[in-house]
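Down below is the structure, laid out as structure tokens.
Readers should treat all values here as calculations from the given coordinates under stated rules, not as data from a laboratory. Fair warning: this is a prediction, and the values are worked out from it, not measured in the lab. All Cβ positions, glycine included, derive from the backbone under ideal geometry; neighbour counts span all protein chains shown.
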Amino acid sequence: MTKNMGTADRAIRTLIALAIVVLYFTGKISGTVAIVLGIVAVAFLVTSFVGWCPSYLPFGLSTRKGSVEGNVAPPR
């Protein structure tokens, strides 16, 4: 499992997850919307901490600096 998420991508996902948590605890979202966004928030946090997003694989995407098609370039 090669990391395919860059620092900015990971930070943005973490901020979005935190925003969802704040919206929930302030009562701005509830019901089904809260459940769906809660699942999204958990997925964002897990992928942020691991540094790997499985949805990038089919498209060969990577936001990690120095990577090509999901593979990290060797150090210079």
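Overview of results
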| item | result |
| --- | --- |
| Relative contact order [Cα under 8 Å, 6+ residues apart], the stretch 1-53, whole percent | 62 |
| Point-to-point label distance, T63-V33, nm (Cα→Cβ direction, 7 Å offset) | 2.4 |
| GNM result for the chain, Cα springs below 10 Å: residue of S62, S30, S48 fluctuating most strongly | S30 |
| Assigned charges on the beta-carbon of Lys, Arg, Asp, Glu; the chain dipole about Cα centre (debye) | 200 |
| HN-Hα J in Hz across the stretch 4-13 - Karplus 6.51, -1.76, 1.60, θ = phi - 60°, x for Gly and Pro | 10, 10, x, 4, 5, 4, 5, 5, 5, 4 |
| For the stretch 52-65, Karplus couplings with θ = phi - 60° (6.51, -1.76, 1.60), whole Hz, Gly/Pro x | 9, 10, x, 6, 7, 4, x, 9, x, 7, 7, 9, 7, 5 |
